[in-house]
Amino acid sequence: MPVPNDWTLEDKVALITADTRGWAPVLASALAEAGADVAVAGNSAEYVESAAAAVTAQGRRSTTIIGEFSGYAETDAAVDKTVSELGRIDILVNASLTEFGKPTLDTTEFEWRTVMDSNAGAAFRWARSVGRKMTEQGSGHIVNIISEMAERGLTNHAAFSASQAAIQQMTRSLSLEWGTSGVRINCIATGWIELDPPSLEEQQKELLVRYLPLRRKGTPAELATLMIYLSGDFSDFTTGQTIFVDGGAMAHA
């Protein structure tokens, strides 16, 4: 990924959360390419270790933290391990997401609680845990990678959309609460992103793609440059914002 020369994360330490979509290795590699050391946290050893390997391949230090992170104690411990092994914590990238689609009348209480906690609850816990360190040191950047469903309705996605909107509102509120402490927090809202999308010719056969102004799906690599920008000191006048990377889909909204 080409990183502008002035966009350096040298001497910074990032913590990124990983899920099973396979985006974390791409994003972690970009953080490392920009100069950061990177801790990777998630509940799948395969995907966490893959992201950590992408960091070390860039010549940067990495550490892995595998667990469920269902409470403050677990996220606090992960942040403490990051600081202990890598020296500090400057950046949090919340890149994990639980996708869920189901008719509302068929959605159980357990499913509602699960999707809300896996998405909004987890984002809150991670932000709270790194926020303790960042507000103490007077600096830090948090990037929440969410779905554009935070602002766009979609049939059979009420629970998922609510979880995304909750993260967006949390981001806005924390930007007010922590702004004077030097912490910047923003969202990247994604549209239809695939790790390995089919050829452009094949994509044109999809009704969804024909709806998108750019007539194609995106890739995780196309999130990376914006993520780097929002993770560095060069974006210090940007906070509380949601920036859409969606091929123009929200232009229809």
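The values are calculated or read from the model by the stated rules, or taken from the named source; none is laboratory data. If you're wondering where the values come from, they're calculated on a predicted model, not measured in any experiment. Here the Cβ positions follow ideal geometry from the backbone for every residue, glycine too, while neighbour counts run over all protein chains shown.
Just one of the listed residues (Arg172, Arg152, Arg215) is free of Cβ contacts under 8 Å to residues at least 60 places away in the same chain and of a type in the set (D, E, K, R), and it is Arg215.
Yes/no per residue for (1) more than 15 Å from the chain's Cα centre (by Cα); (2) assigned to a loop (DSSP other than H, G, I, E, B); (3) not β-branched (Val, Ile, Thr):
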site: Ile16; (1), (2), (3): no, no, no
site: Asp19; (1), (2), (3): no, yes, yes
site: Gly22; (1), (2), (3): no, yes, yes
site: Leu27; (1), (2), (3): no, no, yes
site: Val40; (1), (2), (3): no, no, no
site: Glu46; (1), (2), (3): yes, no, yes
site: Ser50; (1), (2), (3): yes, no, yes
site: Arg60; (1), (2), (3): yes, yes, yes
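Within region 141-159, the residues that satisfy the criterion of being surrounded by fewer than 24 Cβ atoms within 10 Å (Cβ to Cβ) and not in a loop (DSSP other than H, G, I, E, B) are Glu148, Met149, Ala150, Ala158, Ala159. Checked against (1) free of Cβ contacts under 8 Å to residues at least 60 places away in the same chain; (2) assigned to a helix (DSSP H, G or I), Ile167 meets all criteria but (1).
Just one of the listed residues (Ala14, Ala34, Ala39, Ala51) is touching a Phe, Trp or Tyr at 6+ places or on another chain (Cβ under 7 Å), modelled with pLDDT of 95 or more, crowded, with 23+ Cβ neighbours inside 10 Å and among the small types (Gly, Ala, Ser), namely Ala34. One residue stands out among those in region 111-130 that are aliphatic (A, V, I, L, M) and more than 16 Å from Ala41 (Cβ to Cβ): the one that is nearest to the chain's Cα centre (by Cα), which is Ala120.
Does any residue of region 84-99 turn out to be more than 22 Å from Thr64 (Cβ to Cβ) and under 20 Å from the mean Cα position of the chain (by Cα)?
There is at least one residue in region 84-99 that is more than 22 Å from Thr64 (Cβ to Cβ) and under 20 Å from the mean Cα position of the chain (by Cα).
Considering region 170-201, and only residues there that are of a type in the set (Ser, Thr, Tyr) and part of a helix (DSSP H, G or I), the residue that is surrounded by the fewest Cβ atoms within 10 Å (Cβ to Cβ) turns out to be Thr180. Taking region 89-113 as the range and being in a helix (DSSP H, G or I) and either surrounded by fewer than 16 Cβ atoms within 10 Å (Cβ to Cβ) or touching a Cys at 6+ places or on another chain (Cβ under 8 Å) (or both) as the test, the residues that pass are Thr104, Leu105, Asp106, Glu109, Phe110, Glu111, Arg113.
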